1. Of the conditions (1) exposed (fewer than 15 other Cβ atoms within 10 Å of the Cβ); (2) in a loop (DSSP other than H, G, I, E, B); (3) within 23 Å of the chain's Cα centre (by Cα), Glu63 satisfies every one except a single condition; which number is it?
2. Only one of (1) in contact with a Phe, Trp or Tyr (Cβ under 9 Å, 6 or more places away or on another chain); (2) of a type outside the set (Phe, Trp, Tyr); (3) at pLDDT 95 or above; (4) under 26 Å from Ser41 (Cα atoms) fails for Met324. Which number is that?
3. I'd like the residue in the range 211-240 that is more than 29 Å from His36 (Cβ to Cβ) and in contact with a Lys or Arg (Cβ under 9 Å, 6 or more places away or on another chain) and, out of all such residues, is surrounded by the fewest Cβ atoms within 10 Å (Cβ to Cβ).
4. Only one residue in Gly155, Gly125, Gly112 is over 17 Å from the mean Cα position of the chain (by Cα) and crowded, with 20+ Cβ neighbours inside 10 Å, so which one is that?
5. Before we move on, is Asp88 without any contact (Cβ under 8 Å) to a residue 60 or more places away in the chain and in a loop (DSSP other than H, G, I, E, B)?
6. Considering only the range 271-328, state which residues are of a type in the set (Gly, Ala, Ser) and either touching a helix residue (DSSP H, G or I) at 6+ places or on another chain (Cβ under 8 Å) or under 16 Å from Leu251 (Cβ atoms) (or both).
7. Pairs only if they're at least six apart or on different chains, beta carbon under 6 angstrom, first in the range 175-186 and under 11 Å from Phe218 (Cβ atoms), second aromatic (Phe, Trp, Tyr) and surrounded by 24 or more Cβ atoms within 10 Å (Cβ to Cβ); list them, first residue then second.
8. For Arg141, work out the one condition from (1) charged (D, E, K, R); (2) free of Cβ contacts under 8 Å to residues at least 40 places away in the same chain; (3) crowded, with 21+ Cβ neighbours inside 10 Å it doesn't fulfil.
Amino acid sequence: MRLLITTLSLIPSIILAAPQLYNSKDKFINEEIKKHYLKFSTFTYPGLYQDKLKNDLPDDIREIGLLVRKNFIHRTTLAAGNTGTNADLKFGNMQKVPWWRQPEDDILVTAGAMLTELYRRNNSGFVEDREPKDKLVLTCRFVSIMVASILKSKGIPARVRAGHTAYFDMGELGNVSTDHWINQYWNEQENRWITIDVDGSFSLNENFDPYDMPERKFDFPADAWLGIRAGKLDPQHFYNAKPERGAIVVLWSLFYDFHALMNNEIIYTYGPAGGYGGYDKFNSLTKDEFEKIDNLARLMQNPDENFDELVKIWETEKDFRLLMGGLL
């Protein structure tokens, strides 16, 4: 893997433009794009709970995020118990979670499923003081799905984003940028996308507002991929909880993010049917295949300005849209 990463930036780096960091303040959005991000996907559709999300939850986005976060337990928090970021029990007393409760990432993959189980365990729905035994044990993708579902229900254009971030304490791993999923919503008054991290908001290792994140705080995978390809970023800086490191994990995030931008927030076990995220395929990518990925990444650096071109790829490129993994 390390040999591949050493040579990755040389194939063919001369065709790459210098990475242009994505700027959520770029005002290229139009009404069609807003409509696109108001639409529900298979994963964000809340079903019969839509009116509850619209009418029963607060309208302030920070309040929404804080409330949602209090109803979820991350699998790493459950495993660590009442230590580390949960030493103050901000996520609840893990000793009160049933011993047989396991991570539910493979079970509750849609907003509809999450909401149904949330109400099944406690029919009060989203509450500030949900008992630990009644919380959902899910990771960042699922929190982001739920946040997007709520915002769309309230008529706010919202999207899920996948990438990496270095603002968590990763212990022995040190200063790595770990895989992570967040949200963006369109603020009509300020005419910009605002980037928020609900899942990570209680666990930051840096001092910033997770409900209006600074530019460049989140490592969008398009920037990371092109930076690695141009030899400007160390691929070993990027980590995935699989566990794995290197350029391949950035490629995984690139495809997650592409699908999320197209309102198809796929689960972790899915990847492109072209096999680009598989180890064997990754180790034998051709020049033409690298160029296809590089082109996708360049367009994703400004997904609003390049929206039509991204949609064209979505509608025509089987290798990028069709999936493999799980039972597919």
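The values are calculated or read from the model by the stated rules, or taken from the named source; none is laboratory data. Predicted model only: the values in this text are computed from it and were never measured. Quick reminder, even Gly has a Cβ in these numbers, built from the backbone with ideal geometry, and neighbours come from all protein chains shown.
1. (2)
2. Here Met324 meets the rest and fails (3).
3. Filtering the range 211-240 for residues that are more than 29 Å from His36 (Cβ to Cβ) and in contact with a Lys or Arg (Cβ under 9 Å, 6 or more places away or on another chain), the one surrounded by the fewest Cβ atoms within 10 Å (Cβ to Cβ) comes out as Gln236.
4. Working: Gly155 fails: crowded, with 20+ Cβ neighbours inside 10 Å; Gly125 fails: crowded, with 20+ Cβ neighbours inside 10 Å.
On inspection, the qualifying residue turns out to be Gly112.
5. On the way: without any contact (Cβ under 8 Å) to a residue 60 or more places away in the chain: yes; in a loop (DSSP other than H, G, I, E, B): yes.
Yes.
6. As a first pass, look at the range 271-328 and keep what is of a type in the set (Gly, Ala, Ser): 271, 273-275, 277-278, 284, 297, 325-326.
Those that are of a type in the set (Gly, Ala, Ser) and either touching a helix residue (DSSP H, G or I) at 6+ places or on another chain (Cβ under 8 Å) or under 16 Å from Leu251 (Cβ atoms) (or both): Gly271, Ala273, Gly274, Gly275, Gly277, Gly278, Ser284, Ala297, Gly325.
7. Sorted first by the residue in the range 175-186, then by its partner, the pairs are Ser177/Phe238; Gln184/Trp193.
8. (2)
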